[in-house]
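Here is the structure we will look at, set down as structure tokens.
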């Protein structure tokens with residue numbers, strides 16, 4: 001079978017790697033290099049993640065086996081323990097915050113009491129919007145003091161106007177047992193990236209290069225039209241490339257507009273989808289053992305500090321600061337001057353699509369588009385192809401699921 005894959009990010013490359021042994025696979029990438037938003041730059045001999053701080057781990061053995069057996073052997077990675085903190089009430093408390101009540105009590109005993117009281121009075125009912133979902137799961141005090149302002153900042157949107165559909169697997173959700181245990185002792189961070197792997201070369205691009213190795217990739221190729229010819233059961237890309245099947249990682253808000261004969265209702269759903277750009281700055285910084293620092297304050301520009309130098313072995317004194325939206329070099333540099341451990345700015349970047357937005361139109365619009373794509377047998381994949389908040393490991397997991405559609409029964 002001849003399969004065309006649109007997009008050479010982590011999702012597209014992973015699927016191509018999985019399929020190339022049994023199928024004729026061609027990957028089309030509009031940029032001159034592969035890797036998508038996971039690709040890094042090198043500045044002053046240091047790796048600069050332009051969009052977030054991509055790292056790898058998974059609770060799915062199939063994902064781990066694929067990466068370590070078929071892409072980059074486990075001995076070419078080193079393991080990093082996540083050490084994350086949150087700026088909260090002028091102090092640093094441990095992440096996740098719901099397991100840090102002892103630390104909060106040292107700052108404000110009354111606040112710690114109210115957080116505990118409210119959490120123990122939470123119900124089990126699910127809520128439709130993100131704000132009420134936080135209140136129902138964490139209690140009103142913790143929701144109002146941290147979760148709602150932080151999520152307002154990172155999504156540039158009001159949580160009451162957002163869907164909670166993205167949350168599962170992204171946040172540790174405490175139950176009463178784990179919450180009470182944390183009041184007495186410390187509770188372990190059980191999220192997939194509580195520890196993670198990073199390449200021994202200290203550059204994520206080496207993983208991307210290994211993923212792309214052996215794949216037929218056409219770079220600098222902009223896919224501007226897709227047409228299905230029912231008479232021969234073939235797909236045409238730009239009226240010049242012919243395939244039995246197409247898998248697209250192209251952003252879901254763009255894809256319908258390049259497909260021949262798409263209904264106006266589907267195009268309208270695509271126009272309703274929203275995303276955020278992100279601005280980052282690479283800094284020379286003072287030494288730290290932390291890997292991430294989160295800042296929920298509406299009075300500060302950055303929502304997250306990625307201490308990327310702590311991912312490296314040996315460690316390096318560099319940090320990436322991240323702010324939602326488009327912010328120029330000067331505004332980022334000025335904001336950084338207020339943070340004592342940031343020494344000197346080294347580089348700056350404003351992304352294209354970085355994060356999908358789970359607003360009030362999200363569920364209905366995505367469902368409408370997916371229903372149509374399924375009807376024409378066009379598969380989509382990845383963070384923007386599925387319009388989900390996927391980490392790198394979930395992109396690979398999703399590629400594994402898609403790859404099984406193309407397995408020929410014995």
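Got at least one residue in the stretch 100-114 being closer than 26 Å to residue 158 by Cα, in contact with a helix residue (DSSP H, G or I) (Cβ under 7 Å, 6 or more places away or on another chain) and assigned to a loop (DSSP other than H, G, I, E, B)? Within the stretch 100-114, not a single residue is closer than 26 Å to residue 158 by Cα, in contact with a helix residue (DSSP H, G or I) (Cβ under 7 Å, 6 or more places away or on another chain) and assigned to a loop (DSSP other than H, G, I, E, B). Looking at 168, 158, 145 in this structure, which one is modelled with pLDDT of 90 or more and under 26 Å from residue 272 (Cβ atoms)? When all the criteria are applied, what remains is 158.
Could you say whether any residue in the stretch 2-13 is under 26 Å from residue 350 (Cβ atoms), exposed (fewer than 15 other Cβ atoms within 10 Å of the Cβ) and at pLDDT 95 or above? Scanning the stretch 2-13 turns up no residue that is under 26 Å from residue 350 (Cβ atoms), exposed (fewer than 15 other Cβ atoms within 10 Å of the Cβ) and at pLDDT 95 or above.
Whenever a residue of the stretch 97-109 is free of Cβ contacts under 8 Å to residues at least 12 places away in the same chain, its partners that are surrounded by 15 or more Cβ atoms within 10 Å (Cβ to Cβ) and assigned to a helix (DSSP H, G or I), lying with C-beta atoms within less than 6 angstrom and at least six residues away or across chains, give the pairs 105/112.
Regarding residue 392, is this residue surrounded by 21 or more Cβ atoms within 10 Å (Cβ to Cβ) and assigned by TED's automatic domain parsing to the domain that holds residue 301?
Numbers: surrounded by 21 or more Cβ atoms within 10 Å (Cβ to Cβ): yes; assigned by TED's automatic domain parsing to the domain that holds residue 301: no.
The answer is no for residue 392.
Looking only at residues of the stretch 260-270 that are at pLDDT 95 or above and over 27 Å from the mean Cα position of the chain (by Cα), we find that the one that is farthest from residue 222 (Cα to Cα) is 265. Comparison of 76, 81 shows that the only residue that is touching a strand residue (DSSP E or B) at 6+ places or on another chain (Cβ under 9 Å), surrounded by fewer than 21 Cβ atoms within 10 Å (Cβ to Cβ) and under 22 Å from residue 181 (Cβ atoms) is 81. Looking at the stretch 296-319, which of its residues are assigned to a loop (DSSP other than H, G, I, E, B), out of contact with any helix residue (DSSP H, G or I) (no Cβ under 7 Å at 6 or more places or on another chain) and crowded, with 24+ Cβ neighbours inside 10 Å? Within the stretch 296-319, just 307 meets the criteria.
When the residues of the stretch 30-51 are filtered to those that are surrounded by 19 or more Cβ atoms within 10 Å (Cβ to Cβ) and in contact with a strand residue (DSSP E or B) (Cβ under 7 Å, 6 or more places away or on another chain), the one that is modelled with the lowest pLDDT is 46. If you go through the stretch 247-266 and keep only what is over 13 Å from residue 387 (Cα atoms) and assigned to a strand (DSSP E or B), you end up with 247, 259.
Evaluate the following for residue 253: is it within 24 Å of the chain's Cα centre (by Cα) and closer than 16 Å to residue 223 by Cα? The answer is yes for residue 253. Take residue 42 and decide whether it is outside any helix (DSSP H, G or I), in contact with a helix residue (DSSP H, G or I) (Cβ under 9 Å, 6 or more places away or on another chain) and under 29 Å from residue 297 (Cα atoms). No.
Residue by residue, here is whether (1) over 16 Å from residue 371 (Cα atoms); (2) loosely packed, with under 13 Cβ neighbours inside 10 Å holds:
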site	(1), (2)
216	yes, yes
223	yes, no
234	yes, no
241	yes, no
253	no, no
257	no, no
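Taking the condition free of Cβ contacts under 8 Å to residues at least 40 places away in the same chain and in contact with a helix residue (DSSP H, G or I) (Cβ under 7 Å, 6 or more places away or on another chain), does residue 225 pass? Spelling it out, residue 225 is indeed free of Cβ contacts under 8 Å to residues at least 40 places away in the same chain and in contact with a helix residue (DSSP H, G or I) (Cβ under 7 Å, 6 or more places away or on another chain).
From the list 383, 353, which residue is closer than 30 Å to residue 48 by Cα and surrounded by fewer than 18 Cβ atoms within 10 Å (Cβ to Cβ)?
Numbers: 383 fails: surrounded by fewer than 18 Cβ atoms within 10 Å (Cβ to Cβ).
Testing whether each residue is closer than 30 Å to residue 48 by Cα and surrounded by fewer than 18 Cβ atoms within 10 Å (Cβ to Cβ) leaves just 353.
Can you confirm whether the stretch 142-151 contains a residue that is assigned by TED's automatic domain parsing to the domain that holds residue 88 and within 18 Å of the chain's Cα centre (by Cα)? The answer is yes; a qualifying residue exists.
The values are calculated or read from the model by the stated rules, or taken from the named source; none is laboratory data. Note that the structure is predicted; figures quoted are calculated from it, not measured. In this analysis, Cβ positions are derived from the backbone assuming ideal geometry, glycine residues included, and neighbour counts consider all displayed protein chains.
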